[in-house]
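As structure tokens, the structure follows; a few thoughts come after it.
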Amino acid sequence: MLRNDLRNIAIIAHVDHGKTTLVDAMLKQSGIFRANEHVEERVMDSNALERERGITILAKNTAVMHKDTKINILDTPGHADFGGEVERVLTMVDGVLLLVDAYEGPMPQTKYVLRKALEQHLKPIVVINKIDRPDQRVEEVIDEVLDLFIELGADDDQLEFPVVLTSARNGIAKLTMEEESDNLEALFKVILENIPAPDVEVDAPLQMLVNTLDYDDYVGRIVVGRVIRGTIHNGETITLMDEEGERKAKIGRLYTYEGLKRAETQEVGAGDIVALIGLADANIGDTIADAESPEKLKGISIDEPTLSMV
Ligand code: GDP
């Protein structure tokens, strides 16, 4: 089943190129916030806000609604030294936004993550941000990005990347500099048209890979992953499978992403990204499978199964 109501993307950006500002602007223009809700400034950085809610569960991920489609936006670490974390995030998504400053152009720190995304055959969308800068050099920067793609061995399909020009600060997106725009509609449209919707078996026995782990003082270990097949339910008994074998375990609460908030939910279907608590000894690369007919997923390459955000 094609989940056209869903897209999963990761953002790749050099520090200060405007990732936080862009996600903030997307949230403000998405259907998720009602008029009376206040969007905090610099949302992705707002650990204080998450702390206030008692749990850091959503510190790295955000979801925005565009019309009837939910777009999960995952953050990628910009460093090469997070053993395996970049790969683990990229295995949860179907495409990436490469965000580049319209003056600075591509920077070395974005290269590592972009290389991984291209290797995983993810569909890239190039977002040239800060086009309001008086010193913007949009055309040259696009050429520099193309050179980088060639250098990194992008395939023909990846080289045909769509380009969206944005001023995250002003909340606008367009496809050419000449165009008039007063919103981010062009960006949402390019995401929905270019990032494949998850094509999944919703009615099959559950399969989910433990992609990343988080930890919270109140609730303990938090497992984050993408439901590959079937549906996961609040409180259900599952089979937890690792290299050594398998055992039954009970899921605690489930959360999906909704704006910046963790939204507790009863079930999460294939294609979507879920955070859950209750599996105190689950590890990265484990499979969460149906209780009755468990089938193990092929693991993800893991250099170091460390906690991602302790
Ligand atoms: P991040 O490190 O990628 O999350 O970058 P931020 O979103 O924190 O932005 C870094 C700086 O760039 C901040 O001072 C932003 O106000 C500024 N900035 C972000 N987007 C734009 C933009 O579209 N135009 C201009 N001129 N500045 C921007």
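Overview of results
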quantity: Label-point separation in nm, Glu140 to Met107, each point 7 Å along Cα→Cβ; calculated: 1.8 nm
quantity: Farthest positive-ward along segment 195-255 dipole, Cα basis, beta-carbon charges - from Ala197, Leu254, Val210; calculated: Leu254
quantity: DSSP-loop chymotrypsin sites (Phe, Trp or Tyr not before Pro) across segment 110-219, with at most 12 other Cβ within 10 angstrom; calculated: Tyr218
quantity: Segment 150-212, Cα convex hull volume normalised per residue, Å³; calculated: 196 Å³
quantity: Gain on full stretching of the segment that runs from Arg253 to Asp132 - 0.36 nm per residue minus C-alpha separation; calculated: 39.2 nm
quantity: Segment 102-150, accessible area per residue, ligands and nucleic acids excluded (1.4 Å, Å²); calculated: 48 Å²
quantity: Loop-resident sites, segment 212-284, for GluC sites (Glu not before Pro), counting at most 12 other Cβ within 10 Å (DSSP); calculated: Glu243, Glu244
quantity: Additional length obtainable on full extension of the chain from Glu193 to Glu292, 0.36 nm per residue less Cα span; calculated: 31.8 nm
quantity: Alpha-carbon Debye profile of segment 78-193, log10 I(q)/I(0) at 0.11, 0.21, 0.22 Å⁻¹; calculated: -0.36, -1.21, -1.29
quantity: Cα centroid separation, segment 271-293 to segment 151-216 (Å); calculated: 26 Å
quantity: Solvent-accessible area, 1.4 Å probe, carbon plus sulfur percent, for segment 223-287; calculated: 43 percent
quantity: D_trans [Stokes-Einstein, Kirkwood Rh over alpha-carbon pairs] for segment 68-129, 37 °C, 0.692 mPa s, µm² s⁻¹; calculated: 265 µm²/s
quantity: Two-decimal ratio, segment 140-265, of alpha-carbon radius of gyration to 2.2 N^0.38 Å; calculated: 1.51
quantity: Loop sites in segment 63-132: trypsin sites (Lys or Arg not before Pro), DSSP, at most 14 other Cβ within 10 Å; calculated: Lys67
quantity: Contour excess over end-to-end distance, with Cα ends at Asn283 and Asp182 and 0.36 nm allotted per residue; calculated: 31.8 nm
quantity: Computed label-point distance, nm, for sites Tyr215 and Glu264 using a 7 Å Cα→Cβ extension; calculated: 2.4 nm
quantity: Accessible area (Å², per residue) of segment 151-221, counting only protein heavy atoms and a probe of 1.4 Å; calculated: 51 Å²
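The values are calculated or read from the model by the stated rules, or taken from the named source; none is laboratory data. Just so you know, these numbers come straight off a predicted model, no measurement behind them. Here Cβ is always computed from backbone atoms with ideal geometry, including for glycine, and neighbour counts include all displayed protein chains. Side chains are part of the model used for accessible areas, which takes the heavy atoms of the whole protein and leaves out ligands, DNA and RNA. Shrake-Rupley method; radii C 1.70, N 1.55, O 1.52, S 1.80 Å.
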